[in-house]
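Student: Have a look at the structure that comes next, please.
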Amino acid sequence: MLRQLIGDYRDQLASKKEEIKKLYEEIHQLDAEAEKIESRIQEFESLQSQLENDSEHLE
């Protein structure tokens, strides 16, 4: 009886650790996607600044 209970808890622990691993992988993927978005924002901000400067020089 006690061995069965221990086995059940070991299975639950393994399951939780696997869930944690998957969540860390998802966090890593989302972080990489967020970094790409930040990079695009910086590119667009730089382009906007450049266009504004070019526009000022034409006036």
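The values are calculated or read from the model by the stated rules, or taken from the named source; none is laboratory data. No experiment lies behind these values; they were computed from the predicted model shown. Neighbour counts are summed over all protein chains in view; Cβ atoms, including those assigned to glycine, are modelled from backbone coordinates with ideal geometry. With ligands, DNA and RNA removed, areas are computed over all heavy atoms of the protein, side chains included. Shrake-Rupley method; radii C 1.70, N 1.55, O 1.52, S 1.80 Å.
Student: Any residue at all in segment 3-22 that is in a helix (DSSP H, G or I), open to solvent by 100 Å² or more (accessible area, probe 1.4 Å), at pLDDT 95 or above and aliphatic (A, V, I, L, M)?
Tutor: no
Student: Give segment 40-59 a look and list any residue that's of a type in the set (Gly, Ala, Ser) and exposed (fewer than 10 other Cβ atoms within 10 Å of the Cβ), or say none.
Tutor: Hit for segment 40-59 is SER55, nothing else.
Student: Right, something else. Which pairs have Cβ atoms under 6 Å, sit 6 or more apart or on different chains, and link a residue in segment 1-29 that is in contact (Cβ under 8 Å) with a residue 12 or more places away in the chain to one that is surrounded by fewer than 10 Cβ atoms within 10 Å (Cβ to Cβ) and assigned to a helix (DSSP H, G or I)?
Tutor: Within 6 Å, no pair qualifies.
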